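Taking it in order: structure first as structure tokens, then the write-up.
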Amino acid sequence: MSLSAAAPTPPAVPLEEHGGWTRATGRPPAAEGSSPPGGGSTPNPQRRLDSIPAPLFCLAAMLTVQTGIAFSTPLFRTLGVAGTTSLRMTTAALVLLLWTRPRLRGRSRRALLSAGLLGLASAGMTLLFADAVHRLPMGTAATIEFLGPLAVALLFSRRLGHVLWAVLAGAGVVLLTLVGAAHSTSLDPHGLASAFGAAACLAGYILLTQRVGQAFDGFDGLALSLTVAALALAPFGLPQAWHGLTRSTDPWLLLAAAAGVAMLFPVIPYLLEMVALRRLPERVFSVIASLEPAVSALVGLVVLGQVLGGAQLLGIACVIGASAGATVTGRRGAGD
């Protein structure tokens with residue numbers, strides 16, 4: 001079934017207040033207590049999926065992203081940043097294409113354009129963030145990238161409380177960034193530029209992911225967008241990856257490592273985020289994403305042995321408080 005656009009939203013209620021599967025999939029909500037067509041009951045797997053709080057999908061996605069980034073950094077030395085990123089994205093696209101087998105026939109131009117733009121945003125976000133992590137501490141790169149979700153949160157604010165939560169999250173980002181700068185003799189300008197570029201791509205990714213989720217059933221749109229991302233990265237990354245593989249004494253081990261990292265980032269996180277964005281308003285998702293610096297700092301501590309300071313802990317407390325507050329007020333707003 002082709003869904004070229006979401007159903008019109010009543011003017012009295014803002015778009016971002018309509019979280020949930022029914023809006024995202026274009027199906028009208030069923031009456032309370034009613035049964036699905038055919039008289040059957042809701043399948044148990046779907047019922048169990050719906051019972052999981054949507055913010056948990058966001059947290060799981062962030063944890064796998066940061067773990068995948070940490071585990072992929074050793075590959076940068078042999079395959080290069082672009083080469084490693086390209087192999088990861090190509091693996092992810094192949095996995096999703098084989099799984100979903102999306103059909104292009106019958107799709108509207110608007111739906112295909114949205115999937116293509118999401119692919120370009122995903123390619124830019126993945127490559128630029130990997131380059132930033134290669135040149136900057138993980139915590140610094142993650143906090144700068146958070147400026148993208150923060151901008152989206154402010155863009156879709158409708159109440160003063162929402163802005164205050166975003167400001168609190170921004171204060172946490174400032175603390176983490178300043179600590180990162182204080183502990184570094186200098187911050188690589190190239191790395192900073194990549195981090196800010198990743199922030200811009202992440203803002204577009206958040207907006208486009210929900211649009212693609214509305215236009216496609218299941219994960220067809222995600223499979224198409226990752227294919228576009230892999231094709232966009234191929235001219236930059238595949239030659240670099242090939243050079244590294246031909247010089248390696250065990251190229252198959254490198255390919256297996258890249259494929260394994262691809263499952264952590266981007267396959268699993270993208271699936272989790274697509275599910276979350278179908279059930280959460282864009283504003284709430286964006287501020288929950290403020291936990292990214294905290295998750296990055298935690299992964300840096302566990303995987304890379306980075307010790308947290310007092311200001312870092314305070315920054316983490318700020319972003320966690322902002323995320324929790326946005327989630328609570330978002331749920332209340334959705335029920336108004």
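The values are calculated or read from the model by the stated rules, or taken from the named source; none is laboratory data. Quantities reported herein were computed from a predicted structural model and do not represent experimental measurements. Here the Cβ positions follow ideal geometry from the backbone for every residue, glycine too, while neighbour counts run over all protein chains shown. For the accessible areas, the whole protein counts, side chains as well, though only heavy atoms, and no ligand, DNA or RNA atoms are used. Shrake-Rupley method; radii C 1.70, N 1.55, O 1.52, S 1.80 Å.
As a summary of the residue check, R103 satisfies the conditions (1) outside any helix (DSSP H, G or I); (2) crowded, with 17+ Cβ neighbours inside 10 Å except for the one numbered (2).
Looking at region 22-30, is at least one residue at pLDDT 85 or above and surrounded by 18 or more Cβ atoms within 10 Å (Cβ to Cβ)? There is no residue in region 22-30 that is at pLDDT 85 or above and surrounded by 18 or more Cβ atoms within 10 Å (Cβ to Cβ). Give the residue that is least open to solvent (accessible area, probe 1.4 Å), with candidates limited to residues of region 214-262 that are of a type in the set (V, I, T) and over 17 Å from S122 (Cβ atoms). Ranking the candidates gives T246 first.
Are any residues in region 110-120 touching a Gly at 6+ places or on another chain (Cβ under 9 Å) and open to solvent by less than 10 Å² (accessible area, probe 1.4 Å), and if so, which ones? Step through it out loud before you land on a result.
Taking region 110-120 first, the residues touching a Gly at 6+ places or on another chain (Cβ under 9 Å) are 111, 114-115, 117-118, 120.
Passing the criteria: A111, S114, A115, L118.
Would you confirm whether any residue within region 190-200 is aromatic (F, W, Y), surrounded by fewer than 18 Cβ atoms within 10 Å (Cβ to Cβ) and without any contact (Cβ under 8 Å) to a residue 24 or more places away in the chain? Even if it seems obvious, please write down each step before you answer.
In the first step, residues of region 190-200 are kept if they are aromatic (F, W, Y); the result is 196.
From the residues that got through so far, the ones that are surrounded by fewer than 18 Cβ atoms within 10 Å (Cβ to Cβ) too are 196.
Next, from what is left, pick out any that are without any contact (Cβ under 8 Å) to a residue 24 or more places away in the chain: none.
No: zero hits.
Exactly one residue among F265, F236 is under 21 Å from I144 (Cβ atoms) and either assigned to a helix (DSSP H, G or I) or not charged (D, E, K, R) (or both), and that residue is F265.
Step by step: first the residues of region 67-100, then only those that are among the aromatic types (F, W, Y) and under 20 Å from P137 (Cα atoms), then the one that is most open to solvent (accessible area, probe 1.4 Å). Which residue is that?
We begin by selecting, within region 67-100, every residue among the aromatic types (F, W, Y); these are 71, 76, 99.
Next cut, under 20 Å from P137 (Cα atoms) only: 71, 76.
Working: F71: 105, F76: 11 Å².
Top of the filtered list is F71.
Condition test on A171, is it in a helix (DSSP H, G or I), more than 23 Å from P269 (Cβ to Cβ), modelled with pLDDT of 70 or more and open to solvent by 10 Å² or more (accessible area, probe 1.4 Å)? Here the answer is yes, as A171 does meet what is asked. Screening R283, R279 for residues that are modelled with pLDDT under 85, charged (D, E, K, R) and open to solvent by 30 Å² or more (accessible area, probe 1.4 Å) leaves exactly one candidate, R279.
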